[in-house]
Amino acid sequence: MKKILKISLILAITYVLSAEYGLYRQEAIAEGIADKIIRFHVIANSDESADQKLKLKVRDAIGTYMQQRLSGITDISQSRQVIKENLQEIEIQAQKVLEAEGCSYPIRAELKVTDFPEKTYGNYTFRAGKYEALEVVIGSGKGHNWWCVMYPNLCFFNSVYKVADQEAEESLERVLTQEEYESLVEQKNYKVKFALLEWIMEKL
């Protein structure tokens, strides 16, 4: 009985340590990914239907404008610089949409580090955490948000903001390590669960 208990405890400890290391490793990988991408974040004025539709129109206008300026750029520093240089024009492009829709909401565009929930784009799942992003706030910014990845470009190809195409996938592979890329594709859940430990304790 003592031998069984000893083996069970060893297995339980091994499992817990393995799970904790796996979680730690995935957090490290997620931080590495966050350092290599720039996201695109549009926040609606409210959750009213009209404001949500307006959010998507602003998204499309900025997407069309920035696609041309980020085309061919393969370096995050260059992308960051292009975004910074165009912040005022991004606000102007968004304001044009609002004026066409008869709205007078203020617009704020900035490049900042902000919190994101876990988000899936096609085959890729990005863990929750802090990411650098072009953030565009419409009016009071109290409505539901829209997210995508601006660099490398997962937003503005033929995917219509939903499913990354081959060119988008290749651009993502170029900037990430193989381990980082595979962590997005695998979509694994790395939360620590102690089901095995509980099962062992029940058997003791």
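Computed values, structure above
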| quantity | calculated |
| --- | --- |
| Residue check, E31 farther than 19 Å from G141 by Cβ and touching a residue at least 60 places away in the same chain (Cβ under 8 Å) | yes |
| Identity of the residue in the range 41-87, open to solvent by 30 Å² or more (accessible area, probe 1.4 Å) and part of a loop (DSSP other than H, G, I, E, B), that ends up farthest from R174 (Cα to Cα) | E48 |
| Test: Y121 is under 13 Å from H41 (Cα atoms), crowded, with 20+ Cβ neighbours inside 10 Å, of a type in the set (F, W, Y) and at pLDDT below 95 | no |
| Qualifying position, being at pLDDT 85 or above, closer than 21 Å to Q93 by Cβ and touching a Pro at 6+ places or on another chain (Cβ under 7 Å), among G143, G139 | G139 |
| Unique match (being at pLDDT below 85, closer than 22 Å to S79 by Cα and crowded, with 16+ Cβ neighbours inside 10 Å) among A164, A109 | A164 |
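The values are calculated or read from the model by the stated rules, or taken from the named source; none is laboratory data. Remember, it's a predicted structure, so these values are computed and weren't measured experimentally. Don't worry about glycine lacking a Cβ; one is built from the backbone with ideal geometry, like all the others, and counts go over all protein chains shown. Ligands, DNA and RNA are excluded from the accessible area calculation, which covers all protein heavy atoms including side chains. Shrake-Rupley method; radii C 1.70, N 1.55, O 1.52, S 1.80 Å.
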